[in-house]
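The values are calculated or read from the model by the stated rules, or taken from the named source; none is laboratory data. From a predicted model like this one, the values you see are computed outputs, not experimental measurements. All Cβ positions, even for glycine, are placed from backbone atoms using ideal geometry, and neighbour counts span all protein chains on display.
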Amino acid sequence: MFQSGFVSIIGRPNVGKSTLMNRLIGEKISIVTPKAQTTRHRIAGILNGNHYQMVFLDTPGILDPAYKLQEKMMEAMQAALRDADVVLYLTDVTEAPEEVQQRILALNIQKPWVLAINKIDLCKQTAYPSLESLLAAYDQLAFAPQIVPISAEEGLGLDQLLQALLNHLPEGEPYYPDDELTDRPLRFLVAEIILEKIFLLTREEIPYHTTVVIQSYQDKETLTKIRAEIIVSRESQKGILLGEKGQMIREIGRLAREEIERLIGRKVFLELFVKVRPGWRENDRYLSSLGYTA
């Protein structure tokens, strides 16, 4: 019997959804930063076992949308919920069990689902003195069909989590060839890498007013030449991204280029330009052109 299906990873921002998917797949598919809302798109990571193919869908963290971009992000999350064969609701040890229960009830999940509690290695830093006491609090509420404690960062509990998901995965043929790791093209991954560096290097509102568009991607004989535009909302944000004497944009480019080179296994010439597009986060047509669709 071969099993194949889609597992949507749902949860609030910063609980470790992208870290978990990357750990399970064994490669960096989703970008990861300490900042909330790093993941904006639904991204598939494909895990192939001897008798199964599990397609994980990493999703934006659950939030109350404040502008059109965030509305699109929540539409992507809802679409992943609809498309799932199994839902993996991911929380962490910092979130109270009662809050988790309320969030899950609000989602009205109509598919088989599993609750995973991430960051168990940090349990002693929470209101619960031990993992056992935290699990006891969940047991008292008795709302989750199955709870699996894990640490995506440390790789703890992942075999148990995979088995719990496999128990609900339907029979079927694989959706993707066994050598594919994601459904996203290379240009998308490159844009995400550049955006990740912006999230890591800039502060306050800058990352949330920024997106990245790959204008050209050319494989030359000895290197790959990439031209990318960093889109911002205001002139002041452009100045911050460029930095004094261009220092910030050079550092973003250096870090992004090094990671892109590791990804594709060849030299990269990366050109970055900053362009001001006022109101891009509220423009339906522009957001659709950037791939923000459910």
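Residues are listed down the side, and each one gets a yes or a no for (1) of a type in the set (D, E, K, R); (2) over 17 Å from ILE46 (Cβ atoms); (3) in contact with a strand residue (DSSP E or B) (Cβ under 7 Å, 6 or more places away or on another chain); (4) assigned by TED's automatic domain parsing to the domain that holds ILE249:
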residue	(1), (2), (3), (4)
ASP159	yes, yes, no, no
LEU162	no, no, no, no
GLY172	no, no, yes, no
PRO177	no, no, no, no
GLU180	yes, no, yes, no
ILE193	no, yes, no, yes
GLU196	yes, yes, no, yes
LEU200	no, yes, no, yes
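Regarding ILE147, is this residue of a type in the set (A, V, I, L, M, F, W, C), farther than 17 Å from ASP58 by Cα, surrounded by 15 or more Cβ atoms within 10 Å (Cβ to Cβ) and touching a residue at least 12 places away in the same chain (Cβ under 8 Å)?
Details: of a type in the set (A, V, I, L, M, F, W, C): yes; farther than 17 Å from ASP58 by Cα: yes; surrounded by 15 or more Cβ atoms within 10 Å (Cβ to Cβ): yes; touching a residue at least 12 places away in the same chain (Cβ under 8 Å): yes.
Judged against the criteria, ILE147 is a match.
Every residue, every condition in (1) loosely packed, with under 12 Cβ neighbours inside 10 Å; (2) part of a loop (DSSP other than H, G, I, E, B); (3) not assigned by TED's automatic domain parsing to the domain that holds LYS17, yes or no:
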residue	(1), (2), (3)
GLN101	no, no, no
GLN110	yes, yes, no
VAL114	no, no, no
LEU134	no, no, no
TYR138	no, no, no
PHE143	no, yes, no
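Do you know which of the residues in segment 72-86 that are in a helix (DSSP H, G or I) and small (Gly, Ala, Ser) is nearest to PHE56 (Cα to Cα)?
If we take residues in segment 72-86 being in a helix (DSSP H, G or I) and small (Gly, Ala, Ser), then ALA80 is nearest to PHE56 (Cα to Cα).
Take GLY246 and tell me if it is part of a helix (DSSP H, G or I) and either at positive phi or of a type in the set (S, T, N, Q) (or both).
Working: part of a helix (DSSP H, G or I): yes; either at positive phi or of a type in the set (S, T, N, Q) (or both): yes.
Against the criterion (part of a helix (DSSP H, G or I) and either at positive phi or of a type in the set (S, T, N, Q) (or both)), GLY246 qualifies.
Mind listing whichever residues of segment 193-238 are farther than 28 Å from PRO13 by Cβ and of a type outside the set (S, T, N, Q)? Walk me through it before giving the result.
Kept after step one, since they are farther than 28 Å from PRO13 by Cβ, are these residues of segment 193-238: 215-227, 235.
Those that are farther than 28 Å from PRO13 by Cβ and of a type outside the set (S, T, N, Q): TYR217, ASP219, LYS220, GLU221, LEU223, LYS225, ILE226, ARG227, GLU235.
So, in segment 202-227, of the ones that are acidic (Asp, Glu) and over 26 Å from ARG42 (Cβ atoms), which residue ends up surrounded by the fewest Cβ atoms within 10 Å (Cβ to Cβ)? Reasoning before the result, please.
Restricting attention to segment 202-227, the residues satisfying the condition of being acidic (Asp, Glu) are 204-205, 219, 221.
If we keep only those that are over 26 Å from ARG42 (Cβ atoms) as well, we get 204, 219, 221.
Values: GLU204: 9, ASP219: 11, GLU221: 4.
Among them, the one singled out is GLU221.
Here is a list: ILE62, ILE46, ILE109, ILE117. Which entry is in contact with a strand residue (DSSP E or B) (Cβ under 8 Å, 6 or more places away or on another chain), over 28 Å from SER288 (Cα atoms) and among the β-branched types (Val, Ile, Thr)? Spell out how you get there, then give the answer.
Working: ILE62 fails: over 28 Å from SER288 (Cα atoms); ILE46 fails: over 28 Å from SER288 (Cα atoms); ILE109 fails: over 28 Å from SER288 (Cα atoms).
Just a single option satisfies the conditions, and that option is ILE117.
Do any residues in segment 262-287 that are more than 22 Å from ILE252 (Cα to Cα) have Cβ atoms under 9 Å from those of residues that are β-branched (Val, Ile, Thr) and at pLDDT below 95, where the two are at least six apart or on different chains, and which pairs are they?
LEU287/THR293
Of the conditions (1) among the acidic types (Asp, Glu); (2) under 22 Å from ILE29 (Cα atoms); (3) at pLDDT below 95, GLU221 fails just one. Which one is it?
Of (1) among the acidic types (Asp, Glu); (2) under 22 Å from ILE29 (Cα atoms); (3) at pLDDT below 95, only one is false for GLU221: (2).
From the list ILE230, ILE260, which one is touching a Ser or Thr at 6+ places or on another chain (Cβ under 7 Å), at pLDDT 95 or above and buried (at least 17 other Cβ atoms within 10 Å of the Cβ)?
Details: ILE260 fails: touching a Ser or Thr at 6+ places or on another chain (Cβ under 7 Å).
Step by step, each of ILE230, ILE260 is checked, and only ILE230 is touching a Ser or Thr at 6+ places or on another chain (Cβ under 7 Å), at pLDDT 95 or above and buried (at least 17 other Cβ atoms within 10 Å of the Cβ).
Out of LEU166, LEU88, LEU122, report the one residue that is hydrophobic (A, V, I, L, M, F, W, C) and in contact with a helix residue (DSSP H, G or I) (Cβ under 9 Å, 6 or more places away or on another chain). First the steps, then the outcome.
Working: LEU166 fails: in contact with a helix residue (DSSP H, G or I) (Cβ under 9 Å, 6 or more places away or on another chain); LEU122 fails: in contact with a helix residue (DSSP H, G or I) (Cβ under 9 Å, 6 or more places away or on another chain).
Of the residues listed, the single one that is hydrophobic (A, V, I, L, M, F, W, C) and in contact with a helix residue (DSSP H, G or I) (Cβ under 9 Å, 6 or more places away or on another chain) is LEU88.
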